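First comes the structure, then the notes that go with it.
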């Protein structure tokens, strides 16, 4: 269960650095900007909301004892944004319907596992995790939709000028 803490924190950081480096080397600026705005904005949203609500964590925490406010769950917000972003990038580029389902199902299972592990280890109340999922989905949907619209408009202007 402790693995859920690391999958939702350290693993994301390592993968973000690797993906960021890859996007920069390949000059995939669209993807790099989406990843950066999504994750930085999600972190800022978590910090703002958690300090606004300032709800204490459960007194039954085991393994990793945290003393920062726990509502909404930062792990839940982060995994929804990051693993959702990976599925969002990978699924459209996969030809096989089977592998598309595998990618999407894997992202969903990771997201659910991290949330379950945070409740199981006493790091959060269930409502913290559910609120984190809601905030992550809302941010993911809003920011990626706006960025897609921006890049679409920019591409259409470039084609008209070119």
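The values are calculated or read from the model by the stated rules, or taken from the named source; none is laboratory data. Just so it is clear, the model here is predicted, and its values are computed rather than measured. Cβ sites come from the backbone with ideal geometry, for glycine too, and all protein chains shown count toward neighbours.
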Kindly indicate the residue of segment 32-51 that is within 19 Å of residue 11 (Cβ to Cβ) and surrounded by 15 or more Cβ atoms within 10 Å (Cβ to Cβ) and also farthest from the chain's Cα centre (by Cα) among those meeting that condition. 46
Taking segment 75-105 as the region of interest, how many residues are touching a residue at least 24 places away in the same chain (Cβ under 8 Å) and within 18 Å of residue 142 (Cβ to Cβ)? 12
Taking the criterion of being part of a helix (DSSP H, G or I) and over 19 Å from residue 45 (Cα atoms), would at least one residue in segment 131-148 satisfy it? yes
Residue tally, condition over 17 Å from residue 130 (Cβ atoms) and assigned to a loop (DSSP other than H, G, I, E, B), over segment 34-62: 6
Count of residues meeting criterion [in contact with a helix residue (DSSP H, G or I) (Cβ under 7 Å, 6 or more places away or on another chain) and within 13 Å of residue 84 (Cα to Cα)] in segment 102-134: 6
Is there a residue in segment 6-13 that is at pLDDT 90 or above, within 19 Å of the chain's Cα centre (by Cα) and either in a helix (DSSP H, G or I) or surrounded by fewer than 15 Cβ atoms within 10 Å (Cβ to Cβ) (or both)? no
Identify all residues within segment 110-131 that are within 13 Å of residue 57 (Cβ to Cβ) and surrounded by 14 or more Cβ atoms within 10 Å (Cβ to Cβ); write none if there are none. 118, 119, 121, 122, 123, 124, 125, 127, 128, 129
Among the candidates 65, 24, residue that is over 17 Å from the mean Cα position of the chain (by Cα) and not in a helix (DSSP H, G or I): 65
